[in-house]
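What follows is a set of notes on a single structure, which appears directly below.
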Amino acid sequence: MEALKKIFGPVDMTQGVPWQKIVLFTVPMLLGNIAQQLYNTVDSIVVGKYVGDNALAAVGSAGPILNLLLVLYVGISIGAGIMVSQYFGSHNRDGLSYTIGNSILLMLFATIFVAIFGSLVTRPLLELLKTPDSIIDWCASYLYILFIGGAGLAYYNILSGVLRGLGDSVSALLYLLVACVLNIGLDLLFVIQFQMGVSGVALATSIAQAVSAVLCAIKLYRMKDYFDFKRQYMKWNQQYAMNVIRLGLPSGITQAIMSMSMIVVQALTNSFGEQFIAANVIVMRVDGFAMMPNFSFGSAMTTYAGQNVGANAYNRVTKGAKQGTILALGVSAVITGVILLVGKPLMGIFSDTDELVELSVSLMRILAVGYLAMAVLQSLAGVMRGAGDTMTPMWISIFQTVILRVPLAYIMIYLSKSAEYPNGRQELLIVSLLVSWIIGMLVTIFFYARGKWKTKAVGNRPVQTGNSED
């Protein structure tokens, strides 16, 4: 029983060898992120194989709009995770309890807003992006279901983020695996048996995510040794709520900007027709798996830095940052190599069309080197966020996407137009993404080395514990 408690309980990352703690935390998170990616990947495989290439293109075209309107979930989850890790590191039970309670309340407001606003803007946005008539109805129905049924995704994000902030990445993994298996089963049932098409995969995802959220809530309710999961802590407390918003808002803005840039580039992608749209979907699905180590180490470094900053152990933070970044590079190199070696059969999972598979493979080969750059970027940005400096990664992301990637994509495509390529060379869209990743890494290294992130801790500042109405 004691051994199980250690596996499925919070992990104190302020003690022990840094790289070992980071690995033990990252491995379950990496597996969990892979499972999370399976949601979208299974959707793509099922619709591509059983509905057709146009259905695959529809799911992919819906992605940028979906990501744009889910930035509220991302921001609140990241802000809560940072606060939880710092309060846990400083052993502040009251602060931890109020942070968790107010984060749950904030997510309720966000869920209601996304359901209403998302339903209103979906169709106009799809038309604005010149989504082909052959797939626009499928895109719209897919998005409507995910926005209206988004509570499961919202609360899995926030509750699993709290678990990770406490150092418990194993429980979040377990619950996500349960939901992932359920999602696959429901995908096959709704699409093959009930012939629901794109709407079926959206409904399956919504149900599976709701199950994972409920499991996380039950787990947190039982963790009474570390904080109080009671109604009194879920009443609005302006200081705690504002701390979560202040820390999470830059990350939410970052996600919004990235999503907006994807939407702008999606309009360019759409100009190359359904086949290139479908190829881009396949590449982005595989890209999601290639990026998993980077995102996992970035999240692990956020928790690691947050707990150690809460404990005022800055030398330990910098030591762990170096070790974590080296680990991230090594793992990313191995996974990228595997993807390149088995690229063609991997892409063939999504479609039986040879031309589509070949195009997807060629695009992935261009992008491959960028995953090493993103390993460094995500790890060091994770350290800065964990320390409470969420503004610097935000500005770097704005520079990387708005100043670099989007203009570069349009300029490169424009300059490559010719009689042979009247719309420009489509592969340059991927080249522009690669260039922005590499430059973003160099800028991140510079700002991390400056060290201003060391002055941004908030978890150990005094905060009133009474309700705002007291």
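The values are calculated or read from the model by the stated rules, or taken from the named source; none is laboratory data. Since this is a predicted model, take the numbers as computed values, not measurements. Glycine gets a Cβ as well: all are built from the backbone with ideal geometry, and neighbour counts include every protein chain shown. Areas reflect the complete protein model, heavy atoms only, side chains present, ligands, DNA and RNA absent. Shrake-Rupley method; radii C 1.70, N 1.55, O 1.52, S 1.80 Å.
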## Note on the structure
Exactly one of Gly288, Gly298 is surrounded by 24 or more Cβ atoms within 10 Å (Cβ to Cβ), out of contact with any strand residue (DSSP E or B) (no Cβ under 8 Å at 6 or more places or on another chain) and in contact (Cβ under 8 Å) with a residue 12 or more places away in the chain, and that one is Gly298
### Summary
Filter the stretch 74-95 for residues that are β-branched (Val, Ile, Thr) and at pLDDT 85 or above; the one that is most open to solvent (accessible area, probe 1.4 Å) is Ile76
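From the list Ile326, Ile349, exactly one residue is surrounded by fewer than 19 Cβ atoms within 10 Å (Cβ to Cβ) and under 26 Å from Lys456 (Cβ atoms). Which is it? So that I can check it myself, show each step before the final result.
On the way: Ile349 fails: under 26 Å from Lys456 (Cβ atoms).
Every option except Ile326 fails the conditions.
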### Query
So how many residues does the stretch 262-283 have that are modelled with pLDDT under 80 and in a loop (DSSP other than H, G, I, E, B)?
2
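Could you check how many residues of the stretch 392-427 are farther than 30 Å from Gly252 by Cβ and part of a helix (DSSP H, G or I)? If you could, list the steps in order and put the result at the bottom.
Of the residues in the stretch 392-427, the ones farther than 30 Å from Gly252 by Cβ are 414-427.
When the remaining residues are screened for being part of a helix (DSSP H, G or I), the result is 414-415.
Result for the stretch 392-427: 2.
Of all the residues that make up the stretch 413-423, how many are closer than 15 Å to Gln266 by Cα and open to solvent by less than 60 Å² (accessible area, probe 1.4 Å)? Explain how you work it out, then say what you get.
Taking the stretch 413-423 as the starting set, the residues that turn out to be closer than 15 Å to Gln266 by Cα are 413, 423.
Next, from what is left, pick out any that are open to solvent by less than 60 Å² (accessible area, probe 1.4 Å): 413.
Total satisfying the criteria: 1.
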### Task
Give the stretch 54-73 a look and list any residue that's open to solvent by 40 Å² or more (accessible area, probe 1.4 Å) and out of contact with any Ser or Thr (no Cβ under 6 Å at 6 or more places or on another chain), or say none.
Leu72
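Do you know which residues across the stretch 96-134 are outside any helix (DSSP H, G or I) and either modelled with pLDDT of 90 or more or not hydrophobic (A, V, I, L, M, F, W, C) (or both)?
Narrowing the stretch 96-134 to residues outside any helix (DSSP H, G or I): 129-132.
If the condition is that a residue be outside any helix (DSSP H, G or I) and either modelled with pLDDT of 90 or more or not hydrophobic (A, V, I, L, M, F, W, C) (or both), then Lys130, Thr131, Pro132 are the ones that fit.
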### Task
Would you please list the contacts, defined by Cβ atoms under 7 Å and residues six or more apart or on different chains, that run from a residue in the stretch 51-77 that is assigned to a helix (DSSP H, G or I) to a residue that is of a type in the set (Asp, Glu) and modelled with pLDDT under 75?
Val59/Asp43
#### Entry: Which listed residue, of Ala151, Ala217, Ala202, is on the phi < 0 side of the Ramachandran plot and open to solvent by less than 10 Å² (accessible area, probe 1.4 Å)
Ala202
#### Entry: Lone qualifier among Leu146, Leu159, Leu189 - being assigned to a helix (DSSP H, G or I), at pLDDT 85 or above and open to solvent by 40 Å² or more (accessible area, probe 1.4 Å)
Leu189
### Summary
Residue hits (the stretch 224-239; open to solvent by 10 Å² or more (accessible area, probe 1.4 Å) and part of a loop (DSSP other than H, G, I, E, B)) are Lys224, Asp225, Tyr226, Asp228, Phe229, Lys230, Lys235, Trp236
### Checking Leu249 against (1) under 19 Å from Leu105 (Cα atoms); (2) over 20 Å from the mean Cα position of the chain (by Cα); (3) not in a loop (DSSP other than H, G, I, E, B), the condition it does not meet
(2)
### Task
Name, by its number, the condition in (1) under 26 Å from Asp12 (Cβ atoms); (2) among the aliphatic types (A, V, I, L, M); (3) within 19 Å of the chain's Cα centre (by Cα) that does not hold for Met284.
(1)
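Within the stretch 352-391, how many residues are assigned to a helix (DSSP H, G or I), of a type in the set (Gly, Ala, Ser) and buried (at least 19 other Cβ atoms within 10 Å of the Cβ)?
Filtering the stretch 352-391 down to residues assigned to a helix (DSSP H, G or I) leaves 354-367, 370-386, 391.
From what's left, of a type in the set (Gly, Ala, Ser): 360, 362, 370, 373, 375, 379, 381-382, 386.
So of that shortlist, the ones also buried (at least 19 other Cβ atoms within 10 Å of the Cβ) come out as 360, 370, 373, 375, 379, 381-382, 386.
Final tally of qualifying residues: 8.
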